[in-house]
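Okay, so here's the structure we're looking at.
The values are calculated or read from the model by the stated rules, or taken from the named source; none is laboratory data. For clarity, every value in this text was computed on a predicted model and none was experimentally measured. Cβ sites come from the backbone with ideal geometry, for glycine too, and all protein chains shown count toward neighbours. Keep in mind that these areas ignore ligands, DNA and RNA; they rest on the heavy atoms of the full protein, side chains included. Shrake-Rupley method; radii C 1.70, N 1.55, O 1.52, S 1.80 Å.
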Amino acid sequence: MSNTADRMAAAYFDAIEVLCGVTPKGWYAERGTARAAVTHAAIAGLNVAYDTTPEPDLGALDAMATEVGRQAPHWSIMARGEAGDEVADLAARHGLVERSDLPLLACTADDIVFRSGAAQRTSVRRVGAAENDLYTRTLTESFEAPDGAFGSLMDGGVLDADSITGYLAEDSGRPAGTGLGMRTASVIGVFNIAVVPAARGRGLGRTITETVLLDGIAAGADAAYLQSSAMGRPLYESMGFRLVENWTVFQAR
């Protein structure tokens, strides 16, 4: 694996630990190189057992999976790289038989392509903990998730944490999209980029992403990473992001 992949993976795993430490119902544990992260949101990717290395400790990962599955009805197992049969069998024993790819994309600060102008970025503003309800409602609508799916994920002091910055995009004065930046180890992680259905196709997703990146670089980040859906990947690649590692996720059907 490349040094870039290792660095971006480490920053991402640090971000997970930070999030679990500040979200109200968060729980986090370690065993060897395996980890368990639980937010109690009703989204499988937000309650996860994983190993920080491309060659997981299966015994430790199994123990972490047992704990996550005990705590969260919706959960997943995540593996760096192309998961082998042993990891797939472990996941199946826990009832997680749906397999999908999760691309990890990264970019140095110097290689990011910025296209949104300052005027466009005025539609995106930072939000703190006082607006967590508005942020969560907009996040839910933008991802077209069921009401309550994100639970208390963004509650408490999450949006006021030193390493976390929340963003809200507005269109004609109405909430139109979200973003989240998480700064760890001089790297900015880009999360929660989503736009409400009525405001899509106007470049808001790019504008939010650029705002997260600019603020992260201003705070000292020299690189950035994100995990992308198939739909969002062309946008991020047009901004200079490139695949550094393809991860595998297992969840229940």
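A few points about this structure:
- In the complete set of protein chains, residue-level accessible area for residue 87 is approximately 10 Å², probe 1.4 angstrom.
- Largest-first ordering by accessible area, 1.4 Å probe, given options 131, 245: 131, 245
- If you take all other residues with their beta carbon under 12 Å from the beta carbon of residue 160, and give Lys and Arg +1 and Asp and Glu -1, the sum is -2.
- Probe 1.4 Å, protein heavy atoms only - accessible area per residue of region 106-253 in square angstrom: 44 Å²
- Less than 5 angstrom separates the built amide H of residue 245 from those of 104, all sequence-distant by 5 or more or on a different chain.
- In order along region 102-111, the Karplus-derived 3J(HN,Hα) couplings, from 6.51 cos²θ - 1.76 cosθ + 1.60 at θ = phi - 60°, round to 9, x, 9, 10, 8, 7, 6, 4, 5, 9 Hz, and Gly and Pro are given as x.
- Using θ = phi - 60° and Karplus 6.51 cos²θ - 1.76 cosθ + 1.60, couplings along region 207-216 (whole Hz; Gly, Pro as x): 5, 4, 4, 4, 5, 4, 5, 4, 5, x
- Remark on the chain: ratio of C-alpha radius of gyration to 2.2 N^0.38 Å is 0.97.
- If the segment from residue 113 to residue 25 were pulled out straight at 0.36 nm per residue, it would be longer than the present Cα-Cα gap by 28.0 nm.
- Annotation: peptides 26-32, 90-96, ranked by per-residue average of other Cβ atoms within 10 Å with the highest first, follow the order 90-96, 26-32.
- Loop-located GluC sites (Glu not before Pro) in region 54-107 whose Cβ has at most 15 other Cβ within 10 Å (DSSP): 82
- The Rg/Rh ratio of region 52-97, with both radii computed over alpha carbons and Rh defined as the Kirkwood radius, is 0.93.
- Against the rule of thumb 2.2 N^0.38 Å, how large the Cα Rg of region 170-253 comes out: 1.17
- About the Cα centre, charge dipole magnitude for the chain (Lys/Arg +1, Asp/Glu -1 at Cβ), debye: 700 debye
- Neighbourhood charge, 10 Å Cβ-Cβ cut-off, centred on residue 64 and excluding it, Lys, Arg +1 and Asp, Glu -1: -3
- With a cut-off of 19 Å on the backbone N, the residues of region 130-169 near the modelled label site 7 Å out from residue 202 along Cα-Cβ are 135, 137-144, 167-169.
- Computed in the context of the full set of protein chains, the accessible area of the chain at 1.4 Å probe radius has 49% of its extent on carbon or sulfur.
- Computed over the Cα atoms of region 98-244, the ratio of the radius of gyration to the Kirkwood radius (Rg/Rh) comes to 0.94.
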